[in-house]
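Heads up: the structure comes next, in structure tokens.
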């Protein structure tokens, strides 16, 4: 049933969405990762409007947004709502961002745990077994790119299991390119994988041997940078970031205690690798 306050054009948009929907795999299905599907999101918005009895205008205002926010999402079929927009809409629709984006987690929490407009993404994600993480581009050893090339905001998010050790830390995701960590321990990190990380500055950790981290190298003029995954090795006078690869062409990054290399590059740790997903479904 279509919510009674939809206009005829909105009814037609909703029917188009229904015809085009395909199921996203669950997090537990052979390591595959639910992705944000804009048409499914529109279907879930329409479903919550019907189930809550709210008009588009009322739900938009309850979310702290303009009165036409939801209507615009249906009108602009070629655009993707941002994560921040969906976080706010979850409040107005009395549900969770996890369900609105992926169709997972509890549908609604009930009055005692209703999501408040001031809640952060981290607070919202902490209420479920997993939340979501923005894919912050790719990690690839040896690929020094212009800084603007790292502006890879395509609106891509993937599900992120709650971190049992660092639940307070922000999470990020990266696509893996290349073979520089295909022999990593305890799990190989291969070309095409996705990694979920904890932001290093949130952890309060000292570098120690054996940690797999996302490390960034920046040239002296700060015009080029490289992001890659490496294994940490710590010595009294230096820190080394080692590839763990069957391809011996990959070399370690060696820095002094000020995290500078001999050729003037600046190096810093961005993230601690926490989860690796191969994103491959099992054959049937």
Reported set for region 116-167 where residues are closer than 14 Å to residue 225 by Cα, modelled with pLDDT of 80 or more and part of a loop (DSSP other than H, G, I, E, B) is 140, 141, 142, 143, 144
Quick count over region 66-81, residues being in contact (Cβ under 8 Å) with a residue 12 or more places away in the chain and in contact with a helix residue (DSSP H, G or I) (Cβ under 6 Å, 6 or more places away or on another chain), is 6
Sole miss for residue 90 among (1) in a loop (DSSP other than H, G, I, E, B); (2) touching a residue at least 24 places away in the same chain (Cβ under 8 Å) is condition (1)
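Sort through 214, 255 and tell me the only one that's closer than 14 Å to residue 139 by Cβ and either free of Cβ contacts under 8 Å to residues at least 40 places away in the same chain or assigned by TED's automatic domain parsing to the domain that holds residue 139 (or both). Please lay out each step first, then the result.
On the way: 255 fails: closer than 14 Å to residue 139 by Cβ.
None of the other options fit; the residue is 214.
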Residue 207 fails exactly one of (1) within 25 Å of residue 133 (Cβ to Cβ); (2) crowded, with 17+ Cβ neighbours inside 10 Å, namely (2)
If we keep only residues of region 48-67 that are within 25 Å of the chain's Cα centre (by Cα) and closer than 12 Å to residue 94 by Cα, then the residue surrounded by the fewest Cβ atoms within 10 Å (Cβ to Cβ) is 63
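The values are calculated or read from the model by the stated rules, or taken from the named source; none is laboratory data. Just so it is clear, the structure is predicted and the values come from calculations on it, not from any experiment. Note that we place each Cβ from the backbone using ideal geometry, even for glycine, and neighbour counts take in every protein chain shown.
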